[in-house]
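S.K.: Below you will find the structure I want to go over with you.
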Amino acid sequence: MKVFTKNWSVTNRTLLGMQSNYFSKKEDTSFVLRKASLHLIELTMRKSLTLWSRSIHLLFGLLLFTGVSFAQNDLSLTKTVSADSVGCGDTVTYTLIVINEGLTSVTGVTVCDTLPDDVILIGTKASSGSYNSSTGIWDIGSISDKTISDTLELVVVINGEGVFINTAEIKTMNEVDDDSTPGNTDYNEDDIATSCVSVPIRICPTLSDTVRMEAPPGLTNYQWFDGVTLLSADSIYFATAAGSYTWTADSVISGCSAGLCCPIVLKEECFDLALLKTYDTLQTSIVNPGDDITFLIRVVNQGDVTADSLSLFDYLPSGMNLNDGDWTSVNDSTASILLVAGNGLPAGGLVSGDTVSVEITVNTDAPLAGGIELINYSEIGGAVDDKGVVARDKDSVPDDDRTNDNFLVDDDLSGDGPANGGDEDDHDPASVTIQSFDLALYKELAPSQVSPVAPGGYVTFRIYVINQGEITADNIELIDYVPADMTLVD
């Protein structure tokens, strides 16, 4: 820059947008030019910065307007279930969705979803990759920047009761996720998700059933509810009645637990079988010694639970013997039979309200004193419920002990059990009476016979046989003892 030393008087002229009277006296020309140059540079820079700032704002506006975002690695996971309340044995579908929120290509992606116990996998469908049921790993592999989401469906059968909590998490990815760490089980992150299914738990208050329910430890201000009714302020609650139980507390961590995500549902269902023993259609209660006798045993499901593997015991009194190939002789005084679904019971077992009938044929000793009564008891020895668990009957104790049953009324299916002083309705008798066989004989002279008689004369006797019993007599054999000096001529 050239510097002039000439004096310069500034008058009414505008310089760089500023009024010339900014200067109040004559100044050295070099000072003025330097100052003008500095203002020119400053103004140029301000104008450049302003244009750059406006360009940046315009760029951001265009990006926001067009929906374009800056590239980042970000996967998230959601998990849903087709039904959150089902019955035991029902089918549900879990749906896992991996969402590519960063819209960048990522590699090495796997998701871990290990199914709970009693949740049986029956089918899978993946939009990408494959699911290994042994490891619980869904191996997706790569997700391109053009992929919005990948989906996995797991079709399962719930074979239990209670709350089934299923957690899935993105286990691995080669890139670094912007807002989560795969596989760290942090429920506050978006790469982990849970769902739950509630299956009613069976409870029978008559048997004093109790279900222990416990919220996670370490929290404060616990509250257990049945519906909207507050039950307890403890972390543990013992339920003895049907209901839908939930809990709340302060400082609940993220995630899912029984009673928090899904209610713990208790449903009143009791197991109750009753037995009735009568005679077969053509059978009478009066029998002869040695006769076959057919009894009819009926088992009624009076409860709410399907029964299977039903064992029956028949207690034979003295003078009565098993004569039926369908039954097994346990010993001289006991016989048994096992009825199972499809063989003695309907294909699905003995459902609530149904009745099953079975016959047993026995016979009596012969000879046998007439007039005696033979009482034949039958009892339910045991059964399993629809889960294959040995069942407890609500008003009786099934077993094979003939000495411990509380019997009050014959053919009574309404007994409420020994605990209440009532009849044990899984045990019932039927009896038969043995008819008497009684023949009597007397002997006299025939009406035409005279007495005395001459030596060598004929003598005719008449013998009377009288049936004094209840049984028709046949093939009666008589013996006549001929004395000395008398000869049979008949």
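S.K.: So how exposed is S414, as accessible area in Å² (1.4 Å probe, rounded to 10)?
M.R.: 90
S.K.: Work out from phi, with θ = phi - 60° and the Karplus expression 6.51 cos²θ - 1.76 cosθ + 1.60, the ³J(HN,Hα) of each residue of region 360-367, listed in order in whole Hz, and give x for Gly and Pro.
M.R.: Each residue's phi maps through the Karplus curve to give 9, 10, 10, 9, 10, 5, 9, x Hz.
S.K.: Then there's this: For region 132-214, what are Rg and Dmax over the alpha carbons, in angstrom?
M.R.: Final numbers for Rg and Dmax: 18.5, 62 Å.
S.K.: I would also like to ask the following. Over region 349-398, what percent of the accessible surface lies on carbon and sulfur atoms, probe 1.4 Å? Numbers along the way, then the final one.
M.R.: On the way: 1170 of 2250 Å².
Using a 1.4 Å probe with all protein chains present, region 349-398 comes out at 52 percent carbon and sulfur.
S.K.: Skipping prolines and chain starts, which residues have an amide H placed within reach, meaning under 5 Å, of the one on G102, given they are 5 or more residues away or on another chain?
M.R.: Amide H to amide H, under 5 Å and 5 or more residues apart or across chains, G102 pairs with D74.
S.K.: If you don't mind, another one. Using a 1.4 angstrom probe on the protein heavy atoms only, could you order S133, S76 from most to least accessible area?
M.R.: On the way: S133 80, S76 5 Å².
I get S133, S76, largest accessible area first.
S.K.: Here's another thing I want to ask about it. For D399 and V157, compute 0.36 nm times the residue count separating them, minus their Cα-Cα distance, and round to one decimal in nm. Write down the numbers at each step before the final one.
M.R.: Working: separation 242, 0.36 × 242 = 87.12 nm, distance 3.41 nm.
Using 0.36 nm per residue and subtracting the Cα-Cα distance, I get 83.7 nm.
S.K.: Another question, if that's okay. Rolling a 1.4 angstrom probe over the protein chains, ignoring ligands and nucleic acids, what is the accessible area of I99 in square angstrom, nearest 10?
M.R.: Roll a 1.4 Å probe over it and I99 shows about 50 Å².
S.K.: Okay, next question. Explain nothing, just compute: Karplus ³J(HN,Hα) = 6.51 cos²θ - 1.76 cosθ + 1.60, θ = phi - 60°, for every residue of region 305-321 in order, whole Hz, x for Gly and Pro.
M.R.: Once θ is set to phi - 60°, the couplings for region 305-321 become 10, 5, 10, 8, 6, 8, 9, 10, 10, 10, 9, 8, x, 4, x, 10, 9 Hz.
S.K.: Could you list which residues have their amide H under 5 Å from that of T172, counting only those 5 or more apart in sequence or on another chain, with H placed in the peptide plane?
M.R.: HN-HN under 5 Å from T172: T110.
S.K.: To continue, here is another question. Quick check: residue separation of D412 and V389 times 0.36 nm, minus the Cα distance between them. What number comes out in nm? All intermediate terms of the calculation are to be shown ahead of the outcome.
M.R.: Values: separation 23, 0.36 × 23 = 8.28 nm, distance 2.72 nm.
Fully extending the segment from D412 to V389 adds 5.6 nm.
S.K.: Which residues' amide hydrogens lie under 5 Å from the amide hydrogen of G160, considering only partners 5 or more residues apart or on another chain, with H built in the peptide plane?
M.R.: Those lying under 5 Å, H to H, from G160 are G89.
S.K.: For region 211-224, what does the Karplus curve 6.51 cos²θ - 1.76 cosθ + 1.60, with θ = phi - 60°, yield as ³J(HN,Hα) per residue in whole Hz, taken in order and with x for Gly and Pro?
M.R.: Karplus-based 3J(HN,Hα) across region 211-224 equals 10, 8, 10, 9, 7, x, x, x, 9, 10, 6, 5, 8, 9 Hz.
S.K.: Follow-up question, since we're still on this one. Relative to the present Cα-Cα distance, how much length would full extension add between D438 and N323 at 0.36 nm per residue of separation? Could the numbers behind the result be given before it?
M.R.: Details: separation 115, 0.36 × 115 = 41.40 nm, distance 2.70 nm.
38.7 nm is the gain from fully extending D438 to N323.
The values are calculated or read from the model by the stated rules, or taken from the named source; none is laboratory data. Quick caveat: nothing in here was measured; it's all calculated off a predicted structure. Note: accessible area is taken over every heavy atom of the protein model, side chains too, but ligands, DNA and RNA are not part of it. Shrake-Rupley method; radii C 1.70, N 1.55, O 1.52, S 1.80 Å.
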